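K.L.:
Take this structure, written in structure tokens, and hold onto it; I'll ask about it next.
Please treat every number below as a calculation from the coordinates, not as lab data. What you see is a predicted model; the values in this text were computed from it and never measured. Here the Cβ positions follow ideal geometry from the backbone for every residue, glycine too, while neighbour counts run over all protein chains shown.
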Amino acid sequence: MATAIKKPLTAAQFKKKVVQHLNFTSSQTDYQQDPTAVLRAVCLTVNEVVYEKLTETNQYHKEHKSRSINYLSLEYLMGRMLSNNLHNLDLFDVAQKAVASLGFEIEDIFEEGHDLALGNGGLGRLAACFLDSLATMDFNAVGYGIHYEHGLFKQQFHQGRQIETPDEWREYGNPWEVCRPEAVQNIPLFGHVETIANTDGSVQKVWHSGQTIKGVPWDVPIVGYNSKTVNVLRLWESRASSHFDWDQFNSGAYQDAHSAQNHAETISKVLYPNDETDAGKELRFIQQYFFCACSIKDIIKRYQEQYADDWSQFSKQVVIQLNDTHPTIAILELMRTLIDEQGFTWSDAFAMCREIFAYTNHTLLPEALEKWSVDMFERVLPRHLEILYTINEFFLDQEVAALWPNDHQMRRRLSIIEEGPQKMVRMAHLCVVTSFKVNGVAQIHSDLVKSDLFPEFNQLYPSKLTNVTNGVTPRRWLKACNPELSKLLDSKVKSDWAKDLSSLSAVAKFADDEKFQQKFMAIKHNNKVKLAEEILTSTGVVVSPDAIFDVQIKRLHEYKRQHLSFLHILALYRRLLADPDYDMHPRVYIFGAKAAPGYYLAKEIIYAINKVADKINNDDRINGKLKVVFMPNYRVTLAEKIIPAADVSEQISTAGKEASGTGNMKLALNGAITIGTLDGANVEIAEEVGDDNIFIFGNTVDDIKALEANGYNPYDYYNNDEEIKACLDWLLTDYFTPGNPGELSAVAHSLLDGGDPYRLLADFADYAKANIALDNAYKDKARWARMAIINTAKMGKFTSDRSIQDYVDNIWKLTPMSSQD
Ligand code: Z16
């Protein structure tokens, strides 16, 4: 392994610093029983190295005037930081030794760390993987986000039902963030716009805001793996603006001043826990604006530190990526700043925005496409709304009219404003109109964005719509979470696969090597033993590591179809009850998923799985052939424990609904075999591993369209498939909820009278068949080992380094630090 960057500290030096921090930073002399104090001291020690590199990174980019990517995202699911930072700085062994000499296991120290859970699911975790890759590849990048006081809620189960409690990630401080008072911003909102007529006949707009909110930045350092770079994730916290406060305070309205403070602090109080549904709440809108305004002001501030009032280089220096439509208001805020504060003409300002913004679409689901009412826009951001109207006018009159003259239908369809009883702003339309590139997140998804979501935009702006397939960082999702497998791979791969994941393809040639198979599967087994312990502590269920560990981990959503797997579990249980000798290898179904607190059916699905699990896990008649566990509080840290232990990866969304998926990549990378539909990145995973090393089943996008064209009727399946009928009827009895018949009926109803919107029943039979094929494959140990090895070996495409390189080549056009020398 080539290590370009030498270790910054020896174990002895590291230990000395940890002890110094214990003694002098925390005044802790009696730390033998206090792993939390040790964790803090270790983090502070690591930070000494981190901040030095951060300073060097900043200096370098200042000197070289490097173009920067500014990643705007309402979500970052960072997880824990210590283990990754140690790996990335090549300090892991050093810290391990130092901590051991203090009487602690490094793993126990990690366990004291709190997840940074400032995101919901895939989109937030993608942002975190991208930051890791950007730093690793030495790009000048800043991530902008919100410093939520409470991240995604903590999940517990009470008698099988999900209970949410607040996430307190920084209750007692967080060692990975540093406040930057020198970069505070003041953000106006509400109020009205005054139109002033100039003597030359032109008009000037002045926004008199009704309130000002202070934005306080907190920087989280992002450490590259074996690279020169430490970048930052800058998170904005809202506070009451000081001038506003003091006026009231001095006039004696102490109480009012406090309530204004409460109101201001509410903005960054909590992450909205909805993935894939538009929250539609004013507070969410203000969150989005607050964070966009802070970030745009900060980007301009950083630029002006170098170029003062010379704007000629701005679009050469700055590119802004919008992670979904959540940060769309940044477009309007930059327009407003350029026109109202910097004296640009409208067309110069718009031309500049069209060189600066690019937009990533993450979903086709209509309920996730954001719309804000014109009324609310007007109330909160009156000046931004005016600018939005001018963009729409230009777009409709100049661009739509040029391609489709006098076509009223087309104007209506494409307009950024949706007409109707309540006028709405279509945020995605604004993004597509203004951005110079729009990308989907997997090939099939990007194709559907072109053909189904935005076909007219694709005609209007050929080559604007493009694809960048998602990826995951192999540092966290293999090197750090699966150390044994990493060592085995090190022994077979000469180059540093964590930085060049394609080099793992070299292990494919050992796929049939008996010794290698044994080593590979022994590691999987060890990981399963560890997970079995974790399952016992968190659920009380005993599972055998000899069983197939079948994993479905992701947000709970109907389109992801956890209930398809659930229905199949009912079918297996029924087969086992009918015939205790029913031939199947023992299987443990492992679920991890949070449901949005307001999502009724998602919560019913959790409840149903928990109730059925109770029954099955305690049924002696089935000889332990089937177990079902729902692990509570699924999060990045739990994923890091489950993924290395998975045999099977369930990726069973309705074709056309999962934009990409990224858990599918992490699981395959760790040697799990996918059972999945031709959806999202599954399609590309299948291309990489080959048809023999994946179980693809079910209707394709085109099949589903055809089914729907013929009028989809779930009762066709219910009436013609005895097993489906029996399983759905079972849910109406009190078999799983003694004394309370019908407690699980919501799931059955959604699949029958509810119309089965995600077409589970149409895929059930083929899914059951694919599971038999999978079971047969597992029974052949050599065959399974071969498949698992091939999966790990062929995941090179799915490193987030490749995604970032695609963004850099096709969208961002950046040069890395090293090649600028
Ligand atoms: C999200 O996590 C995703 C889409 C979206 O509109 C909102 C949220 Cl919070 C997910 C997609 O569902 C998933 O397929 C994709 O892999 C992920 O974003 C990253 O692109």
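K.L.:
If you count, for each residue, the other Cβ atoms within 10 Å and average over each peptide, how do 200-208, 452-460 line up from highest to lowest?
P.N.:
In decreasing order of mean packing, 200-208, 452-460 become 452-460, 200-208.
K.L.:
Still on this structure, please answer the following. How much length, in nm to one decimal, is gained on full extension between GLN313 and GLU111, taken as 0.36 nm per residue of separation minus their Cα-Cα distance?
P.N.:
That pair, GLN313 and GLU111, stretches by 68.0 nm at full extension.
K.L.:
Moving on. For ASP512 and LYS487, what does the FRET efficiency come to when R0 = 22 Å and r is the distance between their Cβ atoms, rounded to the nearest 0.05?
P.N.:
My answer for the efficiency is 0.55.
K.L.:
With θ set to phi - 60°, apply the Karplus curve 6.51 cos²θ - 1.76 cosθ + 1.60 along the range 228-241 and write out the HN-Hα couplings as whole Hz, x wherever there is a Gly or Pro.
P.N.:
8, 8, 10, 9, 10, 9, 9, 10, 9, 10, 8, 9, 5, 5
K.L.:
Still on this structure, I have one more. What is the Cα centroid distance between the range 277-330 and the range 14-47, reported in whole angstrom?
P.N.:
38 Å
K.L.:
Out of all DSSP beta bridges in the chain, what portion is antiparallel? Express it as a percent rounded to 5.
P.N.:
For the chain, the DSSP antiparallel bridge percentage is about 45.
K.L.:
Given R₀ = 30 Å, what would the calculated FRET efficiency be for THR195 paired with GLU367, taking r from the Cβ atoms and rounding to 0.05?
P.N.:
The computed FRET efficiency comes out at 0.20.
K.L.:
Okay, moving on. What is the range 528-605 by shape, rounded, prolate or oblate, if you read a ≥ b ≥ c off the alpha carbon gyration tensor as root eigenvalues and call it rounded for a/c under 1.5, prolate for a/b larger than b/c, and oblate otherwise?
P.N.:
In terms of gyration-tensor shape, oblate.
K.L.:
Enumerate the amide H contacts of ILE696 below 5 Å, restricted to partners 5 or more residues apart or on another chain; note that Pro and chain-start residues carry no placed amide H.
P.N.:
GLY676
K.L.:
Taking the Cα centre of the chain as the origin and placing charges on Cβ (Lys, Arg +1; Asp, Glu -1), which of ILE553, ALA668, GLY215 is farthest toward the positive end of the dipole?
P.N.:
Final value for the positive-end residue is ALA668.
K.L.:
If R0 is 45 Å, what FRET efficiency do you get for LYS494 and GLU182 from their C-beta distance, rounded to 0.05?
P.N.:
0.45
K.L.:
If amide hydrogens are placed 1.01 Å from N in the peptide plane, which non-local residues have theirs closer than 5 Å to the one on LYS154?
P.N.:
THR165, ASP167
K.L.:
Taking the range 459-578, how many lysine pairs are there with alpha carbons less than 18 Å apart, if each pair must be eight or more places apart or span two chains?
P.N.:
24
K.L.:
Still on this structure, please answer the following. Which far-off residues, 5 or more places away or on another chain, put their amide H under 5 Å from the one on ALA681, with H placed in the peptide plane?
P.N.:
SER660, GLY661
K.L.:
Sticking with this structure for a sec: For the range 311-435, with only Lys/Arg (+1) and Asp/Glu (-1) charged at the beta-carbon, what is the dipole magnitude about the Cα centre, in debye rounded to 20?
P.N.:
Dipole about the Cα centre, nearest 20: 140 debye.
K.L.:
How large is ³J(HN,Hα), in whole Hz, for each residue of the range 540-557 in order, when computed from phi with the Karplus curve 6.51 cos²θ - 1.76 cosθ + 1.60 and θ = phi - 60°, using x for Gly and Pro?
P.N.:
Whole-Hz 3J(HN,Hα) from phi for the range 540-557: x, 9, 8, 10, 8, x, 7, 6, 6, 8, 10, 10, 10, 10, 3, 4, 7, 8.
K.L.:
As a check on your grasp of the helix formula, calculate [θ] at 222 nm for the chain: sum -39500 (n - 2.57) over DSSP H runs of n ≥ 4, divide by the residue count, round to the nearest 500.
P.N.:
-13500 deg cm²/dmol
K.L.:
Follow-up question, since we're still on this one. Rank-order 24-32, 682-690, 345-353 by packing density, defined as the average count of other C-beta atoms within 10 Å over each peptide's residues, highest first.
P.N.:
Taking the mean over residues of other Cβ atoms within 10 Å, the ranking is 682-690, 345-353, 24-32.
K.L.:
Just order 570-579, 226-235, 629-638 by mean Cβ neighbour count inside 10 Å, highest at the front, would you?
P.N.:
Output ranking for 570-579, 226-235, 629-638: 226-235, 629-638, 570-579.
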